[in-house]
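All remarks here apply to the structure that follows.
The values are calculated or read from the model by the stated rules, or taken from the named source; none is laboratory data. Predicted model, so just to flag it, every value in this text is computed and none were measured. So basically every Cβ, Gly included, is an ideal-geometry build from the backbone, and we count neighbours across all protein chains shown. Remember, those area values only see protein heavy atoms, side chains included, never the ligands or the DNA or RNA. Shrake-Rupley method; radii C 1.70, N 1.55, O 1.52, S 1.80 Å.
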Amino acid sequence: WALKAPFASLFWQRLVAAKDVLVSLYNFNASLQFAPAIQNIKAILVPDQQRQTLHLLAKIFIVMASRAPKDLAQRLLRRAEECYKDSIDEDRNRNNFKEMGITCLKLAALA
């Protein structure tokens, strides 16, 4: 198992910490409330930041899966797939077909 060495264990801890930070960022962005005068800014910035956060989370899950035992790796890859699917749904709602296509290619690479 790749996580027995101290360096590998530290690397794993950093990956878990990065994942936790990104999950917190995603949840924080989803809960933001803006004044009516600033709603236009929220409509532009927050969905794009949410999509980028989902892509970063998916990348972290893929890296974690590459260094995990088989059963844990399967669960991590499913979570990466869920991140990409959520991003595709968000792009579809915003009619952002270019980004949706790029995300579909990344999702297809997981299969």
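For this structure, a couple of remarks:
- Test: residue in the stretch 21-44 that is β-branched (Val, Ile, Thr) and within 13 Å of the chain's Cα centre (by Cα): yes
- Residue within the stretch 19-35 that is part of a helix (DSSP H, G or I), among the basic types (Lys, Arg) and out of contact with any helix residue (DSSP H, G or I) (no Cβ under 6 Å at 6 or more places or on another chain) present: no
- Here Leu76 qualifies as in contact with a Phe, Trp or Tyr (Cβ under 8 Å, 6 or more places away or on another chain), under 30 Å from Ser9 (Cα atoms), at pLDDT 90 or above and in a helix (DSSP H, G or I).
- The stretch 69-95 - residue that is touching a residue at least 24 places away in the same chain (Cβ under 8 Å) and among the hydrophobic types (A, V, I, L, M, F, W, C) and, of those, nearest to Asn29 (Cα to Cα): Cys83
- Residue, surrounded by the most Cβ atoms within 10 Å (Cβ to Cβ), within the stretch 69-101, restricted to residues that are closer than 20 Å to Val21 by Cα and of a type in the set (Gly, Ala, Ser): Ser87
- Count of the stretch 32-65 residues which are at pLDDT 90 or above and open to solvent by 50 Å² or more (accessible area, probe 1.4 Å): 5
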